[in-house]
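**Student:** Pasting in a structure now, in structure tokens, and then I'll have a few things to ask.
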Amino acid sequence: EFILLGLSNTRELQVLFFTIFFLAYAMVLLGNLLIIVTVRTDPKLSSPMYFLLCNLSFLDICCTSVTVPRMLVDLLSQRKAIAFENCIAQLFFLHFSGASEMFLLTVMAYDRYAAICKPLHYTAIMNRRVCWVLVRACWAGGFLHSIVQTLLTIQLPFCGPNTINNYFCDVPPVIRLACTDIYVTEWLMVSNSGLISLFCFLLLVTSYMFILVTIRTRFTEGHWKALSTCASHVMVVTLFFIPCIFIYLRPFSTFPFDKHICVIYTVFSPVMNPLIYTLRNNEVKESMWKLWK
């Protein structure tokens, strides 16, 4: 088994963190479920953007549910132990949902690029069949990434230290507990997780650059509305990708503040998604109001 040190050993801070993260987890569940129900029940929200948003909300729920419930239990427990099998399962599902979300955010940026830069061909480029193919490809890519990370981890021997300076099992702190030289394994994992994060982020930045160039030459109301949607997308991307790139695109030497950075993409980014996509989108707000009535 492994011992998770969590975010703090101070009892008062543990109670404070429990309250904050319990409320955050409740917001993730309620906000993203509300988006899913709204998109599924309103025929007006049938465009590819809302179909992809619905899938993003589902992945946010999955990604947060892998880490936060365990963290909430540990914050109220004296001994924060996790069995090896449960640790590996947590690692697998975290990378599965996290990588799938990275790919999906990239697809959403492509959808915005097609809508703004290729408006006359948009219905042919992003029809429902293409959306299903892209979403399935995101899930398949996430599974492939995660299974590679998991197989590289379980083949390592663990026979010494078992203390993880984090609130969940992740690749960097876990493999450093192995009783063997991890140089090759470490760089294989960096090239897997880190380069995927960086590659997706660069694709996103490139798509936004094309969008900005298009907006500069077309000052129509529809294009400004699309730009507003992209602005909210940029906020989600920044919260999600920058911490991931910092954690995974470097040798797995752990710093004390790494676990606090992990909170950004495991808790705060999923909290922000429903707020950003509802408060900045009049169509979604109107549909939610109809659903409420």
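**Student:** Going from most exposed to least, what order do Lys118, Lys44 have by accessible area with a 1.4 Å probe?
**Tutor:** So the residues, ranked largest to smallest area, are Lys44, Lys118.
**Student:** So, one more: Carbon-plus-sulfur fraction of the accessible area of the chain, 1.4 Å probe, in percent?
**Tutor:** Exposed carbon and sulfur together represent 70 percent of the surface.
**Student:** Positive end of the dipole of the chain, charges at C-beta (+1 Lys, Arg; -1 Asp, Glu), about the Cα centre: which of Ala109, Trp289, Val237 has its Cα farthest in that direction?
**Tutor:** Going by the Cα projections, it comes out as Trp289.
**Student:** Name the residue farthest towards the positive end of the dipole of the chain from the options Cys63, Val184, Val205, assuming +1 on Cβ of Lys and Arg, -1 on Cβ of Asp and Glu, about the Cα centre.
**Tutor:** Val205
**Student:** Sticking with this one: With viscosity set to 0.692 mPa s at 37 °C, what whole-number translational diffusion coefficient in µm²/s follows for the chain from Stokes-Einstein and a Kirkwood radius over Cα pairs?
**Tutor:** 162
**Student:** Once the whole set of protein chains is in place, how much accessible area is left on Leu202, using a 1.4 Å probe, in Å² to the nearest 10?
**Tutor:** 90
**Student:** Multiplying the sequence separation of Leu275 and Trp289 by 0.36 nm and subtracting their Cα-Cα distance, what value in nm do you get?
**Tutor:** 3.5 nm
**Student:** Calculate for the chain the 222 nm mean residue ellipticity that helices alone would give, adding -39,500 (n - 2.57) per DSSP H run of length 4 or more and normalising by residue count, nearest 500 deg cm²/dmol.
**Tutor:** Per the formula, -25000 deg cm²/dmol.
**Student:** Using the alpha-carbon atoms, what tilt in degrees (0 to 90, nearest 10) does helix 282-292 show relative to the longest principal axis of the chain?
**Tutor:** That works out to roughly 80 degrees.
**Student:** Another question, then. Net charge near Asn166: determine it from the other residues with C-beta under 13 Å of the C-beta of Asn166, scoring Lys and Arg +1 and Asp and Glu -1.
**Tutor:** Once all neighbours under 13 Å are counted, the net charge is +1.
**Student:** For the residue pair Ala81 and Arg128, what label-to-label distance in nm results when each label sits 7 Å from Cα along the Cα-to-beta-carbon direction?
**Tutor:** Going by the 7 Å Cα→Cβ label model, 5.3 nm.
**Student:** While we're looking at this one, here's another question. At 0.36 nm per residue, minus the direct Cα-Cα distance, what do Asp181 and Phe210 gain on full extension? Give it in nm, one decimal, please.
**Tutor:** 6.0 nm
The values are calculated or read from the model by the stated rules, or taken from the named source; none is laboratory data. Since we're looking at a predicted model, the values are computed, not measured. Don't worry about glycine lacking a Cβ; one is built from the backbone with ideal geometry, like all the others, and counts go over all protein chains shown. When the accessible area is computed, the model is the full protein with side chains, heavy atoms only, and any ligands, DNA or RNA have been set aside. Shrake-Rupley method; radii C 1.70, N 1.55, O 1.52, S 1.80 Å.
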